[in-house]
Amino acid sequence: MAVTVKISIGANADRAIQMMRARSFLTKEFSGIRFTKMVTMPAYDKPDDKLYYSNMLATFSTELDEQSLIMLLKNAEMELDDTPELRKRGIVMMDLDLLQYGEEKHHTDDWQRTYVKQLMEELG
């Protein structure tokens, strides 16, 4: 049975290109996916940092179980050039996080972030 999910999408390097690549990848994987607008702002935990993040949210239905979906998202991060080595240097080429799977919320701290609240309203 299909379940509705919400994910967050973010990058702080080659932002515009990476966000387009993520949209393309996810659109091929999940028919009927809907994306919010993209917002760009300083890192949530480092507002004085010069490294800005672009973020958007997406929602779609999937037959995948929760763990398979998480694995797909982590594999997609790698396909979109994200690596642990870059992350250690503060460079995030792609971050795909499962925010909600059915009724179950994940990354509960992220739900308090202004951009998540704003973009959740856009998803409806």
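Please go through the range 1-55 and pick out each residue that is open to solvent by less than 20 Å² (accessible area, probe 1.4 Å) and aromatic (Phe, Trp, Tyr).
The one that is open to solvent by less than 20 Å² (accessible area, probe 1.4 Å) and aromatic (Phe, Trp, Tyr): Phe30.
In the set Leu80, Leu99, Leu64, which member is more than 25 Å from Asp14 (Cα to Cα) and touching a helix residue (DSSP H, G or I) at 6+ places or on another chain (Cβ under 9 Å)? Full working, then the answer.
On the way: Leu80 fails: more than 25 Å from Asp14 (Cα to Cα); Leu99 fails: more than 25 Å from Asp14 (Cα to Cα).
On inspection, the qualifying residue turns out to be Leu64.
Between a residue in the range 99-124 that is within 21 Å of Thr40 (Cβ to Cβ) and without any contact (Cβ under 8 Å) to a residue 24 or more places away in the chain and any residue that is open to solvent by 90 Å² or more (accessible area, probe 1.4 Å) and assigned to a loop (DSSP other than H, G, I, E, B), which pairs come within a Cβ distance under 9 Å, given they are 6 or more apart or on different chains?
Thr114/Tyr44
Residues that are touching a Ser or Thr at 6+ places or on another chain (Cβ under 9 Å) and touching a residue at least 60 places away in the same chain (Cβ under 8 Å): which strands (runs of 3 or more DSSP E) entirely in the range 1-95 hold 3 or more of them?
Fully inside the range 1-95 and qualifying: 3-11, 52-62.
The values are calculated or read from the model by the stated rules, or taken from the named source; none is laboratory data. In this text the structure is predicted, and so the values were computed from the model without any measurement. We place every Cβ from the backbone using ideal geometry, glycine too, and count neighbours over all the protein chains shown. Note: areas computed on protein heavy atoms with side chains; ligands, DNA, RNA excluded. Shrake-Rupley method; radii C 1.70, N 1.55, O 1.52, S 1.80 Å.
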